[in-house]
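Scroll down for the structure; my scribbles are underneath it.
Every number in this text was worked out from the coordinates using simple rules, so none of it is lab data. Not measured: the values here are computed from a predicted model. All Cβ positions, even for glycine, are placed from backbone atoms using ideal geometry, and neighbour counts span all protein chains on display.
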Amino acid sequence: MDTAVLTTTTYNFSAYMIYLPIVIALTVFVSQFLFKNSKTFMIDIFHQKEDIAMATNSLFKIGFYLLNIGFALCIIEFFQIETVERLVVALSKKIGGFSIYLGVMMLLNLLLFLKGRKHAMRKEKHIENEDTDI
């Protein structure tokens, strides 16, 4: 007796093996770029105290990694991807959505840096004005 075994090929494993390295690489790239360029803001925020600024910047960087990679893992869905076309569509939606999310997170971080810098500058001017009043 010949029994035919019906097997369906799914592309789920391939999707995970493509998706995960891409979102991790995107997160690392954005994080490196953002936090390399935020050093100036942090030094201003902490009134030229570079050691505190760099330590805080490192903590922000770790938080950025945890938040974004955690989000990338949370949005993984489990469904059957049975064709290459569905694989491309699923990856496009997930990677595109994650890229938009990552862009928003980067802009929010930049906004925080700008607000912190503005606050630090205002505080510095206030201290200078008090010194000239004496």
Between [x] 15.7; [y] 18.1; [z] 14.6, the structure-derived Kirkwood radius over Cα pairs in Å is [y]
In degrees, nearest 10, the alpha-carbon axis of helix 50-74 is tilted away from the dominant principal axis of the alpha carbons of the chain by 20
Per the helix-only model, the chain has a calculated mean residue ellipticity at 222 nm (DSSP H runs of ≥4, -39500 (n - 2.57) each, divided over all residues, rounded to the nearest 500) of -29000 deg cm²/dmol
Protection proxy (average C-beta count within 10 Å per residue), highest first, orders 76-88, 105-117 as 105-117, 76-88
In this structure, the FRET efficiency calculated for His119 and Gln48 from their beta-carbon separation, with R0 = 22 Å, to the nearest 0.05, is 0.90
Once both label points are put 7 Å beyond Cα along the C-beta direction, the Leu20-Leu111 separation in nm becomes 3.3
